[in-house]
Amino acid sequence: MSTLTISPSPHVHSGDSVKKNMYGVIIALIPALAVSLWVFGLGALIVTVTAIAASVLFEYLIEKYLLKVPSTITDGSAVITGLLLAFNMPSNLPVWIIIIGALVAIGVGKMSFGGLGNNPFNPALVGRVFLLISFPVQMTSWPLPMQNTTAYLDATTGATPLGIVKEGLANGTSLSELMNQVPSFVDMLVGKMGGSSGEVAAIALLIGLAYMLIRKIITWHIPVSVLGTMAIFAGILSYSNPEAFAGPAFHLLTGGALLGAIFMATDYVTSPMTNKGMIIFGVGIGVITILIRVFGAYPEGMSFAILIMNAFVPLIDRYVKPKRFGEKVK
Amino acid sequence: MLKTFSLGGIHPEENKFSAGKKIEVLPIPTQVSVPIAQHIGAPSTPVVERGDSVKVGQIIAKSSGFVSANIHSPVSGKVFKIDKVLDASGYKQMSIIIKVDGDEWEESIDRSTSLNREITLSAEEIVKKTGEAGIVGLGGATFPSHVKLSVPPGKTCDILILNGVECEPYLTSDHQLMMEKGEEILVGTQILMKALKVDKAIIGIENNKKDAIEHMTKLAEQYKGITIQALKVQYPQGGEKQLIDACIGREVPSGKLPIEVGAVVQNVGTTFAVYEAIQKNKPLFERVVTVTGKSVKNPGNFMTRVGTPVKDLIEAAGGIPENTGKVIGGGPMMGKALASADVPVTKGSSGILLMPDELSTRGKTESCIRCSKCVSVCPMGLLPYLLMTLSQKAIWERSEEERVMDCIECGSCSYTCPSNRPLLDYIRLSKGTVGQIMRSRNK
């Protein structure tokens with residue numbers, strides 16, 4: 001005891017860390033990754049490995065040569081961005097497009113704002129939407145499930161359930177007929193449907209949600225408000241005209257609904273700081289997603305909805321305050 | 001059903017190593033230094049001079065205002081000098097240094113240990129005597145107790161709440177006091193009830209002290225109007241506002257005192273001191289101090305005279321472990337790191353906590369990842385992440401709007417932050433500045 005440390009209280013810490021939270025999210029994504037490999041096989045593997053490697057590499061290069069700051073690649077956040085980017089791509093996407101996506105996600109979406117904690121928009125979605133607009137053909141040709149496990153670029157492709165319904169309704173086909181063309185709800189639950197590599201497995205994504213809730217990595221507010229809003233909105237539409245609008249179960253199980261609500265909208269950095277704010281944010285995402293899906297030009301609107309609501313986060317945080325102590329009326 | 005407060009809160013490792021250890025009387029040191037500022041409010045004025053002989057319990061510094069407290073000699077002997085000495089605050093403070101000679105008490109003090117249940121003084125006399133005995137809040141805040149007992153005109157008090165929560169990890173002095181001096185605390189509670197003219201009192205005890213809950217509940221059967229409330233273990237339940245919320249569901253409004261909702265809170269240690277002052281005529285000059293830590297040999301609870309050097313206490317608990325990196329006066333959440341083990345024990349010293357080297361420094365600060373955990377643990381419903389940024393950027397007006405002055409400095413935000421951000425450090429800075437701005441505006 002030569003010298004005593006003097007520092008202000010508190011003198012103990014919970015032991016929680018950025019790394020623990022980030023790796024927690026990665027663990028929560030593993031079930032969905034497993035299903036993605038099972039359903040899409042080799043293609044999913046190539047896409048995932050490329051996206052993660054490129055994201056981590058770009059973060060490293062940008063920090064080392066452009067920003068000249070200490071590297072943060074071990075904190076796990078670049079791995080998450082890469083993984084989520086891969087989950088949001090078709091499993092037959094060429095490597096060079098994936099690399100461009102990772103560069104935009106990390107370079108533009110994250111590092112240009114100053115790195116982890118400073119980016120207003122979800123980096124993986126910035127990358128994904130950039131690719132969707134730049135390479136609309138490649139980004140919307142999805143390999144068929146369970147049929148291409150050894151194929152990559154040459155995989156046979158088909159439309160997603162959302163695409164089938166959107167196009168069919170536009171051509172005047174009735175919804176009940178279209179429902180026979182899309183996979184059953186059971187197939188949707190386990191991931192046997194066309195879609196981006198990581199979005200198809202409802203059950204696996206829900207296991208991830210349960211894990212993150214138990215570990216207290218996230219709270220229920222965002223996933224529940226996104227999915228609840230989607231269900232209610234879709235339910236109202238479907239009730240008003242069952243032949244023109246698909247029901248809640250269809251909307252929740254297809255496209256990026258679960259992936260978005262559980263893993264993309266809950267991104268710490270780009271979501272609100274208060275519970276009330278999180279619910280407003282989630283409701284906004286749910287409403288915009290259904291609006292785009294049902295009335296918009298794209299069959300899927302989750303990515304746009306999240307990015308649009310990301311832009312509202314500073315506003316939400318400015319005006320939505322937590323419940324203060326001492327305001328309860330006796 | 002276990003009650004608790006409504007907003008935020010954390011549950012740090014309890015580490016109550018000294019739980020169940022009998023209160024030992026610490027030997028009187030050879031010299032004590034008694035700071036004249038041991039309480040919130042104006043420092044007392046010394047009434048002895050160098051060379052004076054003093055007895056145990058003799059007044060040596062007089063209260064210098066309404067919010068101030070008398071200080072009594074904890075030992076008998078000769079005043080050696082009155083000088084500035086380093087104390088727990090980290091600054092040199094005026095202190096009365098007494099060289100000990102024997103242990104001669106003032107004759108007026110009843111040194112018997114028999115329980116005296118009969119309360120003969122009137123409410124006014126109780127308040128006056130509490131003030132004379134120099135009693136301050138022994139939970140750590142050291143607010144003069146007679147001030148709390150003087151209900152301001154226009155306000156009414158309908159309930160007394162006793163704080164037996166001891167929510168700080170490691171500390172056990174209140175716990176042990178309840179186990180050994182339960183009846184005295186209950187008589188003290190009746191004295192306080194009489195002073196406040198209330199017929200109801202609740203003693204809040206956290207559920208990690210099941211033996212104390214059981215013991216006190218059994219004893220309280222004979223005391224009308226006193227109930228024991230078991231509380232869920234949750235920090236910072238010992239905060240006055242949190243405790244009132246937990247026990248009776250009333251929220252003290254921003255910037256107001258508990259009396260606003262008709263409640264007065266006193267710590268159980270303080271209540272014991274009130275018992276001794278009223279029934280035994282004994283002023284406050286000693287208290288129970290927990291000495292503890294992960295590598296402390298014999299963690300324990302010690303009845304210690306005010307002014308005793310902290311190192312004597314550590315010695316009694318088996319000496320300073322080799323790897324000690326930090327000595328904390330108080331608990332790990334709100335205690336103060338001491339600059340030296342030579343500083344004296346004061347009325348507010350609830351514990352001495354020794355931290356090993358590896359737990360003495362903080363982790364590396366990283367960027368805020370906006371995880372919102374600081375917001376969810378804040379018991380006052382504040383936005384610690386925002387208050388820190390506002391403080392860094394010196395935006396004081398907005399800090400005030402965001403209620404920085406509501407912060408009770410419990411440290412839950414800094415404790416929780418995965419990025420190890422010094423949230424509370426910056427919030428304290430902001431409180432200091434905003435407080436000054438507010439006071440100058442009111443002038």
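The values are calculated or read from the model by the stated rules, or taken from the named source; none is laboratory data. Note that the structure is a prediction, hence the values are computed from the model and not measured. Quick reminder, even Gly has a Cβ in these numbers, built from the backbone with ideal geometry, and neighbours come from all protein chains shown.
For every residue, the table says whether it meets (1) assigned to a loop (DSSP other than H, G, I, E, B); (2) more than 30 Å from A:D75 (Cα to Cα); (3) touching a strand residue (DSSP E or B) at 6+ places or on another chain (Cβ under 6 Å).
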residue: B:G348; (1), (2), (3): yes, yes, no
residue: B:I352; (1), (2), (3): no, yes, yes
residue: B:M355; (1), (2), (3): no, no, yes
residue: B:T361; (1), (2), (3): yes, no, no
residue: B:L390; (1), (2), (3): no, no, no
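Could you pull out the residue among A:P70, A:P8 that is within 14 Å of chain B (Cβ to nearest Cβ) and out of contact with any Pro (no Cβ under 9 Å at 6 or more places or on another chain)?
Only one candidate passes the filter, namely A:P70.
Among the residues of segment B:373-384 satisfying the criterion of being buried (at least 22 other Cβ atoms within 10 Å of the Cβ), touching a Phe, Trp or Tyr at 6+ places or on another chain (Cβ under 7 Å) and outside any helix (DSSP H, G or I), which is farthest from the other protein chains (Cβ to nearest Cβ)?
B:P379
Can you confirm whether segment B:428-437 contains a residue that is among the charged types (D, E, K, R), without any contact (Cβ under 8 Å) to a residue 60 or more places away in the chain, surrounded by fewer than 23 Cβ atoms within 10 Å (Cβ to Cβ) and more than 10 Å from chain A (Cβ to nearest Cβ)?
Looking through segment B:428-437, at least one residue is among the charged types (D, E, K, R), without any contact (Cβ under 8 Å) to a residue 60 or more places away in the chain, surrounded by fewer than 23 Cβ atoms within 10 Å (Cβ to Cβ) and more than 10 Å from chain A (Cβ to nearest Cβ).
Hey, any hits in segment B:160-173 for a residue that's surrounded by fewer than 20 Cβ atoms within 10 Å (Cβ to Cβ) and either over 16 Å from the mean Cα position of the chain (by Cα) or not assigned by TED's automatic domain parsing to the domain that holds B:K128 (or both)?
No, that holds for no residue.
Results for (1) part of a loop (DSSP other than H, G, I, E, B); (2) in contact with a strand residue (DSSP E or B) (Cβ under 8 Å, 6 or more places away or on another chain); (3) in contact (Cβ under 8 Å) with a residue 60 or more places away in the chain; (4) within 21 Å of A:T219 (Cα to Cα), shown as yes or no for each residue.
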| position | (1), (2), (3), (4) |
| --- | --- |
| A:V269 | yes, no, yes, yes |
| A:P272 | yes, no, no, yes |
| A:L291 | no, no, no, no |
| A:P299 | yes, no, yes, no |
| A:P322 | yes, no, no, yes |
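Is it true that some residue in segment B:310-328 is within 14 Å of chain A (Cβ to nearest Cβ), in contact with a Leu (Cβ under 8 Å, 6 or more places away or on another chain), part of a loop (DSSP other than H, G, I, E, B) and touching a residue at least 12 places away in the same chain (Cβ under 8 Å)?
yes
Condition first: without any contact (Cβ under 8 Å) to a residue 40 or more places away in the chain and in contact with a Pro (Cβ under 6 Å, 6 or more places away or on another chain). Can you find one or more residues in segment B:24-38 that meet it?
no
Hey, can you tell me all the residues within segment B:131-142 that are assigned to a loop (DSSP other than H, G, I, E, B) and buried (at least 19 other Cβ atoms within 10 Å of the Cβ)?
Within segment B:131-142, B:A133, B:G134, B:I135, B:G137, B:L138, B:G139, B:G140, B:T142 qualify.
Considering every residue within segment A:230-243, establish whether at least one is at pLDDT 95 or above, surrounded by fewer than 17 Cβ atoms within 10 Å (Cβ to Cβ), among the β-branched types (V, I, T) and not assigned by TED's automatic domain parsing to the domain that holds A:N92.
Scanning segment A:230-243, I find at least one residue that is at pLDDT 95 or above, surrounded by fewer than 17 Cβ atoms within 10 Å (Cβ to Cβ), among the β-branched types (V, I, T) and not assigned by TED's automatic domain parsing to the domain that holds A:N92, so the answer is yes.
If you go through segment A:247-280, how many residues are more than 11 Å from every other protein chain (Cβ to nearest Cβ) and either over 19 Å from A:V182 (Cα atoms) or surrounded by fewer than 24 Cβ atoms within 10 Å (Cβ to Cβ) (or both)? Show your work before the answer.
Pass one, segment A:247-280, residues more than 11 Å from every other protein chain (Cβ to nearest Cβ): A:247-265, A:279-280.
This time we only want the ones that are either over 19 Å from A:V182 (Cα atoms) or surrounded by fewer than 24 Cβ atoms within 10 Å (Cβ to Cβ) (or both), so: A:247-250, A:252-253, A:259-265, A:279-280.
Looking only at that region, the number is 15.
Applying the selection to segment B:123-170, what residues are of a type in the set (S, T, N, Q) and free of Cβ contacts under 8 Å to residues at least 40 places away in the same chain? Step through it out loud before you land on a result.
Residues of segment B:123-170 of a type in the set (S, T, N, Q): B:130, B:142, B:145, B:150, B:156, B:163.
The one that is of a type in the set (S, T, N, Q) and free of Cβ contacts under 8 Å to residues at least 40 places away in the same chain: B:S150.
Which residues, taken from segment B:391-403, are within 12 Å of chain A (Cβ to nearest Cβ) and surrounded by 17 or more Cβ atoms within 10 Å (Cβ to Cβ)?
As a first pass, look at segment B:391-403 and keep what is within 12 Å of chain A (Cβ to nearest Cβ): B:398, B:401-403.
Scanning segment B:391-403 gives B:E402, B:R403.
Which ones in segment B:338-362 are within 20 Å of A:G15 (Cα to Cα) and surrounded by 20 or more Cβ atoms within 10 Å (Cβ to Cβ)?
Residues satisfying the conditions are B:L353, B:L354, B:M355, B:S360.
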